[in-house]
Amino acid sequence: MASTTPLQPTVGFDLDMTLIDSRPGIRACYQALAERTGTYIDADLAVTRLGPPLADELINWFPAERVAETADLYRAMYPAYAIAATPALPGAREAIAAVREAGGRAIVVTAKYEPNAKLHLAHLGIEPDAVIGDLWAEQKALALREHEAAVYVGDHVGDVRGARTAGALSVAVATGPCDEAELREAGADVVLAGLTEFPRWFSDYRSDN
């Protein structure tokens, strides 16, 4: 007889603009970086396109040969400027709790420098089962496969590509730089307005599977 026990999956979550609103902190860090290096950075513009790796943004403001060293400087400055300034997005804690309460595992897979990602989560009191950083778009499939994630939740078309590459269900939230139409066009299986909608969706998903 087939089991009727609901699925208890591993669910992956992106970090920036999925679990946390990192715009205030990143804006402050870019402003401090501009002052430190004497290089103009439009911090307000930069925070409208969060998601891709840091180097993809820095190349807009620094010569290619300076990007690596500037990225190291930014990451070193980041804890002092970005952690305290960054709130959790509405529903973030409840989304992690919904997975845990169902007996599943919640992991964070992000392009952010892993030590800084862990600082954000610790500061906010969000405790996933694992945090894997420094992975962007299709690269995220490496961690999703390793942890056997059935679902990946993110706000960017790159997150959709990562989920699809891993063979995971792509759940997109329209809380970042990509709107619902972009996320659907990229191949998201589900688009939610935000994580406040996740617990109800997740309950239905488990019942259906």
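Rounded to the nearest whole angstrom, the semi-axes of the ellipsoid equivalent to segment 38-83, taken from the Cα gyration tensor as √(5λ), stand at 15, 14, 11, largest first. Extension gain for A85 to Y40 (0.36 nm times residue separation, less C-alpha to C-alpha distance): 14.0 nm. The simple spin-label model puts a point 7 Å past each Cα toward its Cβ; for T196 and E101 those points are separated by 1.7 nm. Taking the convex hull of the alpha carbon positions in segment 1-112 and averaging its projected area over all directions gives 8.8 nm². Estimated from helical segments only, the mean residue ellipticity of the chain at 222 nm is -14000 deg cm²/dmol, where each DSSP H run of four or more residues counts as -39500 (n - 2.57).
Relative to the globular-protein estimate of 2.2 N^0.38 Å, the Cα radius of gyration of segment 66-171 stands at 1.11. For C178, no residue has an amide H sitting under 5 Å from its own, ignoring neighbours fewer than 5 places away on the same chain, with H placed 1.01 Å from N. How high is the FRET efficiency from T48 to E185, r the C-beta distance, R0 22 Å, rounded to 0.05? The pair T48/E185 has a calculated efficiency of 0.70. Ignoring solvent entirely, what values of log10 I(q)/I(0) come out of the Debye formula for segment 17-64 at 0.14, 0.26 Å⁻¹ when each Cα is a single scatterer? Each listed q maps to, in turn, -0.32, -1.03. Entry note: the chain has Rg to Rh equal to 0.99, where both radii use alpha-carbon atoms and Rh is the Kirkwood radius. Averaged per residue, segment 95-146 has 42 square angstrom of accessible surface, using a 1.4 angstrom probe with ligands and nucleic acids left out.
The Kirkwood radius of segment 109-209, taken over pairs of alpha-carbon atoms, gives through the Stokes-Einstein law at 37 °C and 0.692 mPa s a diffusion coefficient of 236 µm² s⁻¹.
For the chain, give me the percentage of DSSP beta bridges that are antiparallel, rounded to the nearest 5 percent. Antiparallel bridges make up about 5 percent of those DSSP assigns within the chain.
The values are calculated or read from the model by the stated rules, or taken from the named source; none is laboratory data. Because the structure is predicted, anything quoted here is derived from the model rather than measured. All Cβ positions, even for glycine, are placed from backbone atoms using ideal geometry, and neighbour counts span all protein chains on display. These accessible areas exclude ligands, DNA and RNA; they are computed on the full protein's heavy atoms, side chains included. Shrake-Rupley method; radii C 1.70, N 1.55, O 1.52, S 1.80 Å.
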